[in-house]
Every structure is written in C-alpha cells, then in structure tokens.
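Undergrad: The structure is given below, and queries will be raised subsequently.
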Amino acid sequence: MSPAPEHNSVKVVVCGAAGGIGQPLSLLLKQSDLISHLALFDVVNAAGVAADLSHINTKSKVTGHGRESMDEALQGAHTVVIPAGVPRKPGMTRDDLFKINAGIIRDLAEGVAKNCPDAFVLVISNPVNSTVPIVAEVLKKHGIFNPKKVFGISTLDVVRSSRFVSEVIPSVDPKSTRVTVVGGHSGVTIVPILSQIPGHASLTQEQIDALTHRIQYGGDEVVKAKDGAGSATLSMAFAGARFTNVILEATVAGKAGLVESTYVNLAADSSASTQAFREKTQLDYFALDVEFGREGVSKIHALPKVSAYEQTLLDAAIPELKANIEKGASFITAA
Ligand SMILES: NC(=O)c1ccc[n+]([C@@H]2O[C@H](COP(=O)([O-])OP(=O)(O)OC[C@H]3O[C@@H](n4cnc5c(N)ncnc54)[C@H](O)[C@@H]3O)[C@@H](O)[C@H]2O)c1
Ligand SMILES: O=C(O)C[C@H](O)C(=O)O
C-alpha cells in the first residue's frame, strides 16, 4: 500500500488547461485546500491562464507549462485530469473526434507513464468510451496499469440526470438527489437508472422516455445551442471538479464511503459479483457506482435492480460500448 500523500505535496495537473473546459475546471480546482500545486499544461496559452489563476489567494501554487514542457508539468503528479482535445460541432458524434483525440490521449498517457506512473488519471476527452481504454493500454504497455486509478469522467451524465429529473418531479432536490447512470458516455451507451430514484412511481412511461432521451442526448442540446462554438464546458468543468474532488477527498483526506458513477475498468474490483458482471457482459469497461478509498477504487457497486425498460436500454448499450472499447484498445495494441 502506498503511503498517504502529505497535504503539502499534492500536485494536480490539468492537461488542456487553456481550453473551454480546462479554464473553468482549473478555476474550480484552485479552490481546493487539498491541492498544493496546480500545474496547467496546454499547447497554447498555459502561461497566461496560470498567471491569472496564480493571483487567487488559496493554498495551491500554480504553474503553466507549454508544448515543450509536458514532462515538467506531469513530473510527480498525484492526479492528472485530461480535458485536452477537440470538441464536437453540430452533426458530429463523439466517435468522430477519435481521429484527432486518440493520438493526443496516447501521447499524454505516455507522459504519465514516464513522469508520474502512480498518478490517478481522470479522462474527460471524448470519445470517453474509447479514450479510457487508450490510456489503459499505454499504461499496460509500460507494465504500470492500475485499474483502481484510471477513470472516465461520466459525472456530467449524473449532474444532468439530477437536474433534469428535478424539472419533472418537483419533490426532487437536484443537489442532493444522485441518479445512478451506468454504461458509457455517448448516446445509447448512457443508461440512467431512473427506476431507483424517489418519486419514480409518479412518472408516466412517456415522461420516462423523454427524460431518458434527454439524459442520453444532453450533450447534443449544448452542441446545438453553441452552434459551432463547441460543446459543454461550464457544466463539464463543474462535473469534472466534483469528480476530482471526490478522488482527492478519498485518497488525500482519507474520507471513507464516497460514491460516484464513473467509467472504470472492471478489473478494479476482483469481487465475484463484479467479475460475474464482466463475464456476462463481456465488457472490460463500464460506468457503475464506485466507492473510493485511499488507493482509488475500493469497491464497484453492482448494477442496481433495473426495470424491464432499462434492460432494453442496457441491451442496446452493450454492443456499441464493446465496439468503442475495442476501437480504443486496438489503437494501441495494433499499432
Ligand atoms: N466527458 C465529458 O462528459 C465531456 C464533456 C464535455 C466535453 N468533453 C470533451 O472534452 C474535450 C475538450 O473540450 P473543450 O470544450 O475544452 O475543447 P477546447 O478546444 O475548448 O479545449 C481543448 C484544449 O486542449 C488543448 N490541447 C489540444 N491538444 C493538446 C495536447 N496535445 N496537449 C495538451 N493540450 C492540448 C487545446 O489547446 C485546448 O486549449 C473534448 O474532447 C470534448 O468532447 C467531454
Ligand atoms: O456532447 C459532447 O460532445 C460533450 C460531452 O460529452 C457532453 O456530454 O456534453
């Protein structure tokens, strides 16, 4: 077991820190007392963003690192958060981003292997269903993959679910109601388990259909509204900071019992129930509720009881997810 990091030696790196997500995410992370050094890496304008944030009177030191200094940025990191890469424009799927983002993620994962092999790696860049397997395969190639420490941030699906459900069921408080969202992070692979939320019985099937569709395609709503200027950035920064803070609270502050849905390698939990699920689905990655401890994943919660309707959603999600995972993994293994 690795020793708990001292609060004054927790370096968090944001890769893609000058982007639409990277800037507000870095701003939110600057507010954390658990971070002692916030390193901002980007191929453009990292120094400017870092200079700006460095004036905020919170605990962390802020440094900026440009194209030539990725190694310096990543050196000794505790946690690496990755929103680097291109976002969608109207008419594109997340998978259309693979051509450009796969190589960016591979190179960043190589940087992690070289400079901070023990780091927690939190991937935001799309297509998440494929970029997480890319990171894992690079780390496996170097013999350092720890499935308890690599995550796809699917928190935005959870955040949207809580908000959208509260608009339909007035008794639901969007802040305190956490909806379990499983599967992956794109279209039909996003499966919200609405049958488990309080007040579900009051929903008509038409409302369940509409809510499910809105959660699965919430990203498209933003892409359409931004009309060519990108995809969700502010809500993603909020979701990304929420997930990063959970990781820091569990691994640095030692807070027990924290649970968040995240896209994770199912080898992270060797329990019979997780391995039976892996066997049944034939999937190596799946978003499920995960409980965190000092070392990262402490437990992957079983898929909750699902309704017949949700089972049809899962049946549609699994083949697409499988193809997405294979595409990401083979980008490294077949190279
Ligand atoms: N997981 C999610 O729920 C979720 C939500 C929203 C967006 N995203 C994804 O996040 C990614 C970023 O979105 P955005 O709106 O911030 O895009 P953006 O274009 O505004 O910012 C991306 C940043 O990455 C930087 N970058 C590019 N290549 C890099 C490299 N090799 N190393 C370091 N930095 C590099 C760019 O210079 C830019 O500053 C996209 O792929 C998008 O699809 C994911
Ligand atoms: O929709 C996108 O492309 C960005 C992100 O994955 C989202 O869900 O908002």
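Undergrad: Whether any residue in region 82-100 is open to solvent by 10 Å² or more (accessible area, probe 1.4 Å), among the hydroxyl-bearing types (Ser, Thr, Tyr) and touching a residue at least 60 places away in the same chain (Cβ under 8 Å) is what I want to check. Spell out how you get there, then give the answer.
TA: Of the residues in region 82-100, the ones open to solvent by 10 Å² or more (accessible area, probe 1.4 Å) are 83-96, 98-100.
Then drop every residue that is not among the hydroxyl-bearing types (Ser, Thr, Tyr), which leaves 93.
Those still in the list that are touching a residue at least 60 places away in the same chain (Cβ under 8 Å) too: 93.
Looking for residues that are open to solvent by 10 Å² or more (accessible area, probe 1.4 Å), among the hydroxyl-bearing types (Ser, Thr, Tyr) and touching a residue at least 60 places away in the same chain (Cβ under 8 Å), one finds at least one in region 82-100, hence yes.
Undergrad: What about GLY20, is it surrounded by fewer than 15 Cβ atoms within 10 Å (Cβ to Cβ), modelled with pLDDT of 95 or more and small (Gly, Ala, Ser)? Let's see the steps before the verdict.
TA: Details: surrounded by fewer than 15 Cβ atoms within 10 Å (Cβ to Cβ): no; modelled with pLDDT of 95 or more: yes; small (Gly, Ala, Ser): yes.
So GLY20 does not fit the description; no.
Undergrad: Restricting attention to region 24-66, which residues are within 16 Å of ligand 2 (Cβ to nearest atom) and open to solvent by 10 Å² or more (accessible area, probe 1.4 Å)? Break it down stepwise before answering.
TA: Filtering region 24-66 down to residues within 16 Å of ligand 2 (Cβ to nearest atom) leaves 24-25.
PRO24, the sole residue that qualifies.
Undergrad: Here's something else I'd like to know. Just wondering, is there one or more residues in region 214-221 that are within 13 Å of ligand 2 (Cβ to nearest atom), touching a Gly at 6+ places or on another chain (Cβ under 6 Å), open to solvent by 10 Å² or more (accessible area, probe 1.4 Å) and of a type in the set (Lys, Arg)?
TA: If we filter region 214-221 for residues that are within 13 Å of ligand 2 (Cβ to nearest atom), which is where we start, we get 214-221.
Going one step further and asking which of them are touching a Gly at 6+ places or on another chain (Cβ under 6 Å), we end up with 216.
Retained after the next criterion (residues that are open to solvent by 10 Å² or more (accessible area, probe 1.4 Å)): 216.
Checking which are of a type in the set (Lys, Arg) leaves us with none.
Checked against the condition, which is being within 13 Å of ligand 2 (Cβ to nearest atom), touching a Gly at 6+ places or on another chain (Cβ under 6 Å), open to solvent by 10 Å² or more (accessible area, probe 1.4 Å) and of a type in the set (Lys, Arg), region 214-221 yields no hits at all.
Undergrad: Going by what's in this entry, would GLY183 be described as within 18 Å of CYS15 (Cβ to Cβ), within 15 Å of ligand 1 (Cβ to nearest atom), small (Gly, Ala, Ser) and open to solvent by less than 10 Å² (accessible area, probe 1.4 Å)?
TA: Details: within 18 Å of CYS15 (Cβ to Cβ): no; within 15 Å of ligand 1 (Cβ to nearest atom): yes; small (Gly, Ala, Ser): yes; open to solvent by less than 10 Å² (accessible area, probe 1.4 Å): yes.
Taking the combined requirement at face value, the residue does not satisfy it.
Undergrad: Name the residue that is most open to solvent (accessible area, probe 1.4 Å), counting only residues in region 300-317 that are within 29 Å of LYS148 (Cβ to Cβ), part of a loop (DSSP other than H, G, I, E, B) and touching a residue at least 40 places away in the same chain (Cβ under 8 Å).
TA: Filtering first and then ranking leaves LYS305.
Undergrad: Here are some residues: HIS200, HIS142. Which one is more than 30 Å from ALA267 (Cβ to Cβ), open to solvent by 20 Å² or more (accessible area, probe 1.4 Å) and over 22 Å from the mean Cα position of the chain (by Cα)?
TA: Working: HIS142 fails: more than 30 Å from ALA267 (Cβ to Cβ).
After ruling out the rest, the residue left standing is HIS200.
Undergrad: Tell me the residue from SER125, SER130, SER69 that is open to solvent by 20 Å² or more (accessible area, probe 1.4 Å) and of a type in the set (S, T, N, Q), please. Spell out how you get there, then give the answer.
TA: Values: SER125 fails: open to solvent by 20 Å² or more (accessible area, probe 1.4 Å); SER130 fails: open to solvent by 20 Å² or more (accessible area, probe 1.4 Å).
Checking each option against the conditions leaves just SER69.
Undergrad: Also, quick follow-up: Could you say which residue among ALA250, ALA276, ALA239 is outside any strand (DSSP E or B), open to solvent by less than 10 Å² (accessible area, probe 1.4 Å), of a type outside the set (S, T, N, Q) and closer than 23 Å to GLN196 by Cα?
TA: Details: ALA250 fails: closer than 23 Å to GLN196 by Cα; ALA276 fails: open to solvent by less than 10 Å² (accessible area, probe 1.4 Å).
Of ALA250, ALA276, ALA239, the one residue that is outside any strand (DSSP E or B), open to solvent by less than 10 Å² (accessible area, probe 1.4 Å), of a type outside the set (S, T, N, Q) and closer than 23 Å to GLN196 by Cα is ALA239.
Undergrad: Let me ask something additional. Between VAL112, VAL150, VAL135, VAL123, which is closer than 25 Å to VAL223 by Cα and at pLDDT 95 or above? Let's see the steps before the verdict.
TA: Working: VAL112 fails: closer than 25 Å to VAL223 by Cα; VAL150 fails: closer than 25 Å to VAL223 by Cα; VAL135 fails: closer than 25 Å to VAL223 by Cα.
It is VAL123.
Undergrad: How about region 201-236: which of its residues are among the hydrophobic types (A, V, I, L, M, F, W, C) and assigned to a helix (DSSP H, G or I)?
TA: As a first pass, look at region 201-236 and keep what is among the hydrophobic types (A, V, I, L, M, F, W, C): 201, 203, 208, 210-211, 215, 222-223, 225, 229, 232, 234, 236.
Across region 201-236, the qualifying residues are ALA201, ILE208, ALA210, LEU211, ILE215, VAL222, VAL223, ALA225, LEU234, MET236.
Undergrad: Okay, next question. Go through region 165-197 and count every residue that is within 16 Å of ligand 2 (Cβ to nearest atom) and over 22 Å from ARG94 (Cα atoms).
TA: Applying the first criterion (within 16 Å of ligand 2 (Cβ to nearest atom)) to region 165-197 yields 179, 181-192.
Add one more test, that the residue is over 22 Å from ARG94 (Cα atoms), and what stays is 179.
Going through region 165-197 one residue at a time, the tally reaches 1.
The values are calculated or read from the model by the stated rules, or taken from the named source; none is laboratory data. Since the model is a prediction, treat every value here as computed from it, not as a measurement. Cβ atoms come from the backbone with ideal geometry, glycine included; neighbour counts cover every protein chain shown. The accessibility values were calculated without ligands, DNA or RNA, using every heavy atom of the protein model including side chains. Shrake-Rupley method; radii C 1.70, N 1.55, O 1.52, S 1.80 Å.
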